[in-house]
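All remarks here apply to the structure that follows.
Just so you know, all these numbers are worked out from the coordinates, no wet-lab data involved. All values reported here derive from a predicted model rather than from experimental measurement. Don't worry about glycine lacking a Cβ; one is built from the backbone with ideal geometry, like all the others, and counts go over all protein chains shown.
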Amino acid sequence: MEIKTFGVIGAGQMGGGIAQVAAMSGLDIIMHDIKDEFVQKGFNTIAGLLAKNVEKGKMSVKERDTVLGRIRPVTDLSAMSEADYVVEAASEVEPIKFEIFQKLDKICRPEVILATNTSSIPIGRIAAKTKRPEQVIGMHFMNPVPVMKLVEIIPGLATSDATYQTTGDLAVKFGKTPVKANDYPGFIANRILMPMINEAVYALYHGVGTVEDIDAVMRLGMNHPMGPLTLADLIGLDTCLAIMETLYAGFSDSKYRPCPLLRRYVEAGWLGRKVGRGFYPY
């Protein structure tokens, strides 16, 4: 099936980024969120990023306007009945994702693939909430989506070869490099990355170093582009905690136990860049 209209559930940091790269590839986009203020904020963020591209000479004003014209913000989930492919990029909370997929399964045409941008939740668990498990797959983009080249493609136990191939082809169309990961909690990226971030929080918790010193060691000593605590703030500390909890529950291994300090920050509402306060003030 030819994919012309691409649905995105969630207009936040990840959903907006996915909508942007999909629109830049030539697809018509239906971008959904639960409130008009959320979906408009997402649209305005895309407009701002494209404006910067114009300033840098990476695209013309006409190209920017064409891309923005392809994006239709909506708050009614039933609009996804027009989509040829849908990616969910809602909060990393199982009940929320389960409810979305149950609704999409009824709204979308039978042949439509339903993908999830989940960072860690097993695909099979999500697919089981639908009557089309062979057409459910993980399509895990990296943050920030317009910049990062990787997309993890995660087939569940029931995912068909056709679904996997179509999803990989879409990633390439978006200018990304698809990499297959098997369906285990955290997949490849976050099974490796999140325990490192969690250990950096433990180092802070135990007083091994300051926030700045821990980040400096990883930047200057390991040649990372940013320190783990800066990266945690960028990802969102609530998302980091949710992924660690998924890993801990999925493997029953103490090495994945979330650091108490990470939990304290989340409980205090210090979630990182998106709220202006995490391990650093913004």
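Taking the fewest neighbouring Cβ atoms within 10 Å as the starting point, the ordered list for 130, 239 is 130, 239.
Return the loop-located GluC sites (Glu not before Pro) in region 76-161 (DSSP other than H, G, I, E, B) with at most 11 other Cβ atoms within 10 Å of their own Cβ; answer none if there are none.
111
Of all alpha-carbon pairs in region 1-77, indicate the percentage at a distance above 17 angstrom. Distances greater than 17 Å cover 39 percent of the Cα pairs. For the residues 142, 24, 196, a GNM of the chain with alpha-carbon springs under 10 Å puts the largest fluctuation on 196. Counted by neighbouring Cβ atoms within 10 Å, the residues 259, 240 run from fewest to most as 259, 240.
Report, in debye and to the nearest 20, how large the dipole of the chain comes out about its Cα centre when Lys and Arg carry +1 and Asp and Glu carry -1 on their Cβ.
Computed charge dipole of the chain: roughly 300 debye.
In terms of its C-alpha gyration tensor, region 191-273 has a prolate overall shape, because the principal axis ratio a/c (a ≥ b ≥ c, square roots of the eigenvalues) is not below 1.5 and a/b outweighs b/c. With θ taken as phi - 60° and the Karplus curve 6.51 cos²θ - 1.76 cosθ + 1.60 applied, the whole-hertz 3J(HN,Hα) list for region 126-142 is 6, 4, 5, 7, 10, 9, 9, x, 5, 10, 10, 8, x, 10, 8, 7, 9 Hz, x standing for glycine and proline.
The residue list 48, 19, 5 was ranked by how far each Cα lies along the charge dipole of region 1-66 toward its positive end, using unit charges on Cβ atoms, and 48 comes out on top.
Among the trypsin sites (Lys or Arg not before Pro) found in region 52-122, those both in a DSSP coil and sparsely packed, with 10 or fewer other Cβ atoms within 10 Å of their Cβ, are 56. If a/c stays under 1.5 just call it rounded; otherwise compare a/b with b/c (prolate if a/b is bigger, oblate if not). Do that for region 136-178, with a ≥ b ≥ c from the square roots of the Cα gyration tensor eigenvalues. Because a/c hits 1.5 or more and a/b fails to exceed b/c, region 136-178 counts as oblate. Listed cross-link partners 35/274; 58/149; 106/173 are compared with a 20 Å cut-off, the Cα-Cα value being larger for 106/173.
Order by neighbour count: 192, 34, 243, fewest other Cβ atoms within 10 Å first, most last.
192, 34, 243
Only beta bridges with both residues in the chain are counted; by DSSP, about 25 percent of them are antiparallel.
Note on residue 4: aspartates and glutamates with a C-alpha under 18 Å away, same-chain residues under 8 apart excluded, are 28, 82, 84, 88, 111, 169. For residue 7, nonlocal amide neighbours, meaning residues 5 or more places apart or on other chains whose placed amide H falls under 5 Å from its own, are 30, 84, 85, 86, 87.
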